[in-house]
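Beneath this line is the structure, given in structure tokens, with notes to follow.
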Amino acid sequence: MPCGIVLAKRSNVSRISVEIDYISARDQTISGSRNGHTPMMLWAAIKSRPLAEWRRKVRHCLDMAQYAIDRFQAAGIQAWRCQNSITVVFPSPSEPVCNKHGLARSGGAAHLITTPHHHDSQRLDRLIDDIIQDLGAVTAPAGAAMSAA
């Protein structure tokens, strides 16, 4: 079940809050979203693990994102991410490579998102190797830029 949450200061929530006459209540959701079940399931999942474990997972994702950038850049491919982001943006490879790896692309760019279920860099290395080969960049050996333990 796809869902997401937005954390905001109460003062900012009140800025988007509007009175909805047919339910006799204020709507404090983004664009009137109604499903409260999936965010509650997400909250339960968050609370099911200790904070230290979540920190470890986040650190791993951030490290893997930087690993991808380092590999791309070592091969002469301009890749980037915003600070503290696990989304890596790079020039879009060919359609067959995008389809093979399920890459989203827009306006000549594609992106990948590092996630905690990737315990090592093997899958990421296969993706990066395919993109480097497809874009004709100078190949750098897997793992040369950073250890992805």
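The values are calculated or read from the model by the stated rules, or taken from the named source; none is laboratory data. Because the structure is a prediction, the values reported are computed rather than measured. Note: ideal-geometry Cβ built from the backbone for every residue, glycine included; neighbour counts use all protein chains shown. Calculation scope for accessible area: heavy atoms of the full protein, side chains included, ligands and nucleic acids excluded. Shrake-Rupley method; radii C 1.70, N 1.55, O 1.52, S 1.80 Å.
Things to note:
- Secondary-structure-derived ellipticity at 222 nm for the chain, considering helices only, amounts to -13500 deg cm²/dmol, per-run term -39500 (n - 2.57) for DSSP H runs with n ≥ 4.
- Counting only protein chain heavy atoms and rolling a 1.4 Å probe, the accessible areas of 77, 113 rank, largest first, as 113, 77.
- 10 Å binning of all Cα-Cα separations within the chain, expressed as whole percents from 0 upward: 10, 30, 26, 20, 11, 3, 0
- For residue 95 and residue 23, the FRET efficiency from 1/(1 + (r/R0)^6), where r spans their Cβ atoms and R0 equals 41 Å, is about 0.35.
- Potential lengthening between residue 113 and residue 35 on full extension [0.36 nm per residue; Cα-Cα distance subtracted]: 25.6 nm
- For residue 82, the solvent-accessible surface with a 1.4 Å probe is about 80 Å², rounded to the nearest 10.
- Maximal additional length on extending the residue 73-residue 120 stretch stands at 14.9 nm, based on 0.36 nm per residue less the C-alpha distance.
- The chain - charge dipole about Cα centre, Lys and Arg +1 at Cβ, Asp and Glu -1, debye rounded to 20: 620 debye
- Exposure of residue 40 as accessible area (Å², to 10), given a probe of 1.4 Å and all protein chains: 120 Å²
- Most mobile of 94, 14, 121 in a GNM of the chain (Cα contacts under 10 Å): 14
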